[in-house]
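Visitor: Handing you a structure now.
Derivation of every value follows stated rules applied to the coordinates shown; laboratory data play no part. Since the model is a prediction, treat every value here as computed from it, not as a measurement. So basically every Cβ, Gly included, is an ideal-geometry build from the backbone, and we count neighbours across all protein chains shown.
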Amino acid sequence: MLLAAVMVPMALAGCGQPAASDPLRVELEEGRALFESRQVMMFDIRESSEHATGVADGALLLPMSQLQQRLGEVPKDPSQPVLIICNTQNRSSKVVQAMKEAGWDNVRYVHGGMSAWAKNGWPMVRPFGVPKS
């Protein structure tokens, strides 16, 4: 419940940019390398309509609107690093900060998010069950 109380106001707040020296931040290239080498789990917290535009193959889809109910799916074990990604990094940076305050020590957010991933032309797949346009 604490996480929801923190996340909702932050999600509704403005979209301030996190500081470049933020220790919870992972640059896009590093995040991709860690994810593709299976060193981390990556949770895409964009909403289902955003997932329909394409997702990183193998990313776990956990829309922010469902996060509170499904939070148990995100490991807390420090031996299992976790990346949180959204469209840019505005939501994911706030979610990671709230998770850190709620006891997660193994989470970081991906700077640039899926919009930068797509701009780089990196591989994306259509999520299961989403019809082609």
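Visitor: Pop the C-beta distance of ALA102 and ARG38 into the FRET formula with R0 = 22 Å and round what comes out to the nearest 0.05.
Guide: Numbers: r = 26 Å, r/R0 = 1.18.
Once rounded, the FRET efficiency stands at 0.25.
Visitor: Report the local net charge at TRP117: Lys and Arg +1, Asp and Glu -1, summed over other residues whose C-beta lies under 14 Å from its C-beta. Walk me through the intermediate numbers first.
Guide: On the way: positive: ARG32, ARG46, LYS119; negative: GLU27, GLU29, GLU30, GLU36, ASP44, GLU50, ASP57.
Summing Lys and Arg as +1 and Asp and Glu as -1 gives -4.
Visitor: Tell me the label-point distance for the pair GLU47, LEU60, using the 7 Å Cα-to-Cβ offset, in nm and rounded to one decimal.
Guide: Result for the modelled spin labels: 2.3 nm.
Visitor: Related question: Are there GluC sites (Glu not before Pro) in the range 19-75 that DSSP puts in a loop and that have at most 10 other Cβ atoms within 10 Å, and which ones? Could the numbers behind the result be given before it?
Guide: On the way: sites: GLU27, GLU29, GLU30, GLU36, GLU47, GLU50, GLU73; in loops: GLU27, GLU47.
Within the range 19-75, no GluC sites (Glu not before Pro) qualify (loop, at most 10 other Cβ atoms within 10 Å).
Visitor: While we're looking at this one, here's another question. How far, in nm, would the chain grow between GLU29 and PHE128 when pulled straight, counting 0.36 nm per residue and subtracting the alpha carbon separation? Kindly include the intermediate steps, with their values, before the conclusion.
Guide: Numbers: separation 99, 0.36 × 99 = 35.64 nm, distance 2.54 nm.
Full extension of this stretch gives 33.1 nm more.
Visitor: Please compute the net charge surrounding LEU62, taking Lys and Arg as +1 and Asp and Glu as -1 over other residues with Cβ under 9 Å from its Cβ. Write down the numbers at each step before the final one.
Guide: Details: positive: ARG70; negative: ASP44, GLU73.
Surrounding charge for LEU62 is -1.
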